[in-house]
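The next block holds one structure in the form of structure tokens; read it before the comments.
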Amino acid sequence: MASESIVVFAQFQSAVDEGFWHRLSSLKLNKLGIDDSPIPITGFYAPCSHPQVSNHLTLLAESFPSESNEQSSTAATSGGNRNRCPVPGILYNTNTIESFHALDKKSLLKAEAKKIWDDIHTGKAVEDSAVLSRFLLISFADLKKWTFHYWFAFPALVLDPPATLVDLRRASQYFSLEEAKSVSAACNEWRNSSLTADVPFFLVCIDPNSLATVKHIKDWETCQSDGNKLLFGFYDPCHLPNNPGWPLRNFLALISVRWNLKSVRFLCYRENRGFADLGLSLVGEALITVPQGRAAKTGNGLGWRGHQCLPNAVGWEQNKGRQVSRCISLAKSMDPTRLAISAADLNLKLMRWRALPSLNLNALSSMNCLLLGAGTLGCQVARMLMAWGVRKITLVDNGRVSMSNPLRQSLYTLDDCLNGGEYKATAAVKSLGRIFPAVDAEGVVMAIPMPGHPVPSQEEDNVLEDCRRLHDLVDSHDAVFLLTDTRESRWLPTLLCANTNKITITAALGFDSFLVMRHGAGPFSSNDERQRLGCYFCSDVVAPIDSTANRTLDQQCTVTRPGLAPIASALAVELLVGILHHPQGIFADGELANSSNSGSSEQPLGVLPHQIRGSLSQFSQMTLVGHSSNSCTACSSTVVSEYRERGMEFIIQAINHPTYLEDLTGLTELMKSASSFKLDWDNDDDADDDDCIEI
Amino acid sequence: MGTKEEARGTLSSTDFGVAASAFILSWNTICSSFPPWTWVLSHHQVEGYLSLENILLSSTQEEHGELSCPGPGKHSHQEDPIDVDDATLVHTNPCKVHYCDLHIIYCNSYRVPVLYFRAYDSDGEPLGFDEIEKDLPAYSKKALSDSKWTFITQEEHPYLNRPWYKLHPCGTSEWMKLLFHADDALAKTGVTIELYLVAWLSVVGHVVGLRIPLEMMKQL
């Protein structure tokens, strides 16, 4: 290696704390708007404190000028301290990514370099040496995606020709033992005094007795005595053993301009664990040559040192060795939607951790729920489902929000009623999104075809279309809630669910009573000989086990006590969660509350009833079990197989001819008994033919 | 600290302040070679919390990988012809460095201190918990998975209004009770307030890989 190679400096490295971007974002949103004038900011750095890692120029929330009227969440730093030497800088934040890339980097750098050059010439840099490390930051804050593009520049005045390195070695190898001891002590004193701890450039003056003192650079005159060794010291953020840090560049320029020194001995001051580390620190000697000839003739004979002769500047920060800007994404900590999601997850996880270790959060969040009806029951069920972590919800309703609705239907407000009223399905989906942006909700505006409401022939195609649509909806969801307000409207959904063996939950309201139940499995769902639990329509044909059941609902009842819908909706959702956590799921037996049935007490969520019937007039609630009926008009094997065979033709027939279903299911019964009767008749060869009676 | 609080393993907010001052004093004296804990006042200038920041978690050599966060138009912008002179060192092997910040904040509802932490790389990009876990020593990872008291959640920092990780405080009073009652002499001397944080941090620090120096522990 040539004895005179140029000094190669290690660039400053930037580090931006998240708080800086948060602060910039709120400034942009609340105060600046589209104003993109430059903002003065303060950077902070400290000498290197680790043998393998360089220190950085750091930006924090406090880097912005403090506002008296702005909420500041931490105490403002008063200037600096030993770990935070303040350095002035400037921020150019653009409004678009295009203008960010279009900024004239050359001239911006030149402007900042000029400031440093001016400070050197006016003497300001001697008084307040931190200005030598003035920096520039350009940025673009994308406040929709919460990403921040940025690029730092640390302007360095280029010496032409460059300074050459005569010597560079560890400080411990340069100083004598006595000198080293004294230098360490003096530096530690400088670093411990609040007056000087944040002053990054200084002089180390060593007298012939090896006594070292650290002084401000403005006291340079006082160090000029024979026998004194003089070193120009600075806080070096760099840790490398063969390269001094970036602040030395402008320091050399200052030294040359102010004191016209050709040979400069410098100290790259570095620390370890809060104390001067002379093994890590470097001492070197640099030679500054002033170009002869042409340059000497300019600027009053000062050559390049003349004030009007601004040297070139370099200093844009490299990004992994390349000359490109950097980018950071803070969506996870700034995007409100993401924050809402993680907060919601936290709640459920806490529940699982503290109370219910077997809670299956994945099952809940991946479940797809279909809600038929977006009225008092539908709105509440949707909210409760979201509270349990269900994210995929489809609401079906063909009605519009009317003025009386917002009071009892918890997803709607007055705005939804205006101008004739929004479609409920649409308004509900919007409302869910406002509550929890990550919900995946869909609204379907559709009427549910009902038996007993014959279809005129010109409407038949539409009705068929609706039937098919309903079939597809049931098919594509995991659980179906029947939350409509008429008995008939529940028939087709029940049949479709029985056909595909979907989890089905019915809620129905009377004036002051309610029914919440889960339908049993479909008729062809298993080879098990056990009796299936009943559906909503089975109850009509087969009496429930508890014959003292309250008089129930099923009348078209739109006037109900307001408390009923929230209670019933909540129970309906809790019932679903219970099914999800039961090992047999839809096939689970119906359990009764307060039973001595040992199976129920083992389930972490408690018993899993079949039916819950409640009465507000009694403030009471009871659980019941009912089994499926072979003559059920909705879920019996007869009906389901007819549907499987004849599809929509069967549906239309059932819709148009209300007695058809009874005939279908009753007829089977009759045929059975008829054939058994005939059998008797055939076997009898009695001669009492005269006594036989024509049937 | 009232004996009632002591019995429950909790402490009042004023006692937290006392404990914090005592803690800072002893830490900065005994562990002077470690970076110091500082007391930060909230904007109300009434409440405060303990802070230890820029702790080096790990530092590894990084390959010249893809630059993170390309954003739109990544390839449409050529490298800018920025002047670089010969006197500038070109970074050929940049280090991937991870740092972490620790805050100890008093929780009014549980009446115990809570450890908040976050980690980030040298660009300031926040690290997710799975990345933090990679940097933790083996005994911490074990403590996190085994102990039923350790539940890490991500919640909004009470003063900085940004998400930080925290060690959920609901179990703290339980094991603090055990810790103090294990040593009758300790309970009797009545200096338990001052030592509360040292004791607390000796357990909690274990989880985040913060080793309390032996000299500090000797006080207990």
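Which of the residues that make up segment A:156-181 are surrounded by 17 or more Cβ atoms within 10 Å (Cβ to Cβ) and within 12 Å of chain B (Cβ to nearest Cβ)?
Those that are surrounded by 17 or more Cβ atoms within 10 Å (Cβ to Cβ) and within 12 Å of chain B (Cβ to nearest Cβ): A:A156, A:L157, A:V158, A:L159, A:P162, A:A163, A:T164, A:L165.
Specify the residue that is nearest to A:E317 (Cα to Cα); the eligible residues are those in segment B:124-171 that are at the interface with chain A (Cβ under 10 Å from one of its Cβ atoms) and in contact with a Cys (Cβ under 9 Å, 6 or more places away or on another chain).
It comes out as B:E125.
So in segment B:92-128, with the set limited to residues that are in contact with a Leu (Cβ under 9 Å, 6 or more places away or on another chain) and part of a loop (DSSP other than H, G, I, E, B), which one is most open to solvent (accessible area, probe 1.4 Å)?
B:R111
In the list A:T500, A:T484, A:T506, which residue meets the criterion of being open to solvent by 20 Å² or more (accessible area, probe 1.4 Å), within 22 Å of A:A565 (Cα to Cα) and β-branched (V, I, T)?
Checking each option against the conditions leaves just A:T484.
Could you tell me whether any residue of segment A:135-155 is away from chain B (no Cβ under 14 Å) and open to solvent by less than 30 Å² (accessible area, probe 1.4 Å)?
Within segment A:135-155 (the criterion being away from chain B (no Cβ under 14 Å) and open to solvent by less than 30 Å² (accessible area, probe 1.4 Å)), the answer is yes, since at least one residue qualifies.
Out of (1) surrounded by fewer than 21 Cβ atoms within 10 Å (Cβ to Cβ); (2) of a type in the set (A, V, I, L, M, F, W, C); (3) part of a loop (DSSP other than H, G, I, E, B), what's the single condition that is false for A:L664?
Here A:L664 clears every test but (3).
Answer with yes or no whether A:M367 is over 19 Å from A:S569 (Cβ atoms), away from chain B (no Cβ under 14 Å) and open to solvent by less than 30 Å² (accessible area, probe 1.4 Å).
Taking the combined requirement at face value, the residue does not satisfy it.
Any residue in segment A:337-350 that is more than 10 Å from chain B (Cβ to nearest Cβ) sitting within a Cβ distance under 9 Å of a residue that is of a type outside the set (A, V, I, L, M) and surrounded by fewer than 15 Cβ atoms within 10 Å (Cβ to Cβ)? List the pairs, counting only those 6 or more apart or interchain.
Going by the 9 Å Cβ cut-off, the qualifying pairs are A:T337/A:P437; A:A340/A:P437; A:I341/A:P437.
Looking at segment A:251-273, can you tell me whether even one residue there is surrounded by fewer than 24 Cβ atoms within 10 Å (Cβ to Cβ), farther than 29 Å from A:G315 by Cα and not aliphatic (A, V, I, L, M)?
Yes, there is a match, as at least one residue in segment A:251-273 is surrounded by fewer than 24 Cβ atoms within 10 Å (Cβ to Cβ), farther than 29 Å from A:G315 by Cα and not aliphatic (A, V, I, L, M).
Among the residues in segment B:50-62, are any in a loop (DSSP other than H, G, I, E, B) and either at pLDDT 70 or above or within 9 Å of another protein chain (Cβ to nearest Cβ) (or both)?
The answer is yes, given that some residue of segment B:50-62 is in a loop (DSSP other than H, G, I, E, B) and either at pLDDT 70 or above or within 9 Å of another protein chain (Cβ to nearest Cβ) (or both).
Can you pull out every residue in segment B:22-49 that is in a helix (DSSP H, G or I) and surrounded by 14 or more Cβ atoms within 10 Å (Cβ to Cβ)?
Of everything in segment B:22-49, those that are in a helix (DSSP H, G or I) and surrounded by 14 or more Cβ atoms within 10 Å (Cβ to Cβ) turn out to be B:A22, B:F23, B:I24, B:S26, B:W27, B:N28, B:I30.
Out of the residues in segment B:142-168 meeting the condition of being more than 15 Å from the chain's Cα centre (by Cα) and more than 16 Å from A:S333 (Cα to Cα), tell me which one is least open to solvent (accessible area, probe 1.4 Å).
For segment B:142-168, the residue satisfying everything is B:A143.
If the requirement is being surrounded by 21 or more Cβ atoms within 10 Å (Cβ to Cβ) and either over 33 Å from the mean Cα position of the chain (by Cα) or modelled with pLDDT under 95 (or both), which of these qualifies: A:H101, A:H56, A:H121? Spell out the reasoning first.
On the way: A:H101 fails: surrounded by 21 or more Cβ atoms within 10 Å (Cβ to Cβ); A:H121 fails: surrounded by 21 or more Cβ atoms within 10 Å (Cβ to Cβ).
Just a single option satisfies the conditions, and that option is A:H56.
Would you mind stating whether A:T58 is over 20 Å from A:C327 (Cα atoms), without any contact (Cβ under 8 Å) to a residue 60 or more places away in the chain and hydroxyl-bearing (S, T, Y)?
no
Checking the structure you have, find out if any residue of segment A:586-599 is at pLDDT 90 or above, open to solvent by less than 80 Å² (accessible area, probe 1.4 Å) and part of a helix (DSSP H, G or I).
yes
For A:N398, are the conditions met, namely being open to solvent by 30 Å² or more (accessible area, probe 1.4 Å) and among the polar types (S, T, N, Q)? Give the steps one after another, and end with the answer.
On the way: open to solvent by 30 Å² or more (accessible area, probe 1.4 Å): yes; among the polar types (S, T, N, Q): yes.
Yes, satisfied.
Within segment A:3-40, can you find the residues that are away from chain B (no Cβ under 14 Å), open to solvent by less than 40 Å² (accessible area, probe 1.4 Å) and hydrophobic (A, V, I, L, M, F, W, C)?
A:L27, A:L32, A:I39
Against the condition farther than 18 Å from A:D416 by Cβ, within 14 Å of another protein chain (Cβ to nearest Cβ), modelled with pLDDT of 85 or more and open to solvent by less than 20 Å² (accessible area, probe 1.4 Å), how does A:C327 come out, does it pass?
Working: farther than 18 Å from A:D416 by Cβ: yes; within 14 Å of another protein chain (Cβ to nearest Cβ): yes; modelled with pLDDT of 85 or more: yes; open to solvent by less than 20 Å² (accessible area, probe 1.4 Å): yes.
Yes: the conditions hold for A:C327.
What strands (runs of 3 or more DSSP E) lie completely within segment A:192-301 and have 3 or more residues being free of Cβ contacts under 8 Å to residues at least 12 places away in the same chain and in contact with a helix residue (DSSP H, G or I) (Cβ under 8 Å, 6 or more places away or on another chain)?
Correct list: empty, since no element meets the threshold.
The values are calculated or read from the model by the stated rules, or taken from the named source; none is laboratory data. Since the model is a prediction, treat every value here as computed from it, not as a measurement. With ideal geometry, Cβ positions are generated from the backbone for all residues, glycine too; neighbour counts draw on all protein chains shown. These area figures cover heavy atoms from the full protein model, side chains too; ligands, DNA and RNA do not enter into them. Shrake-Rupley method; radii C 1.70, N 1.55, O 1.52, S 1.80 Å.
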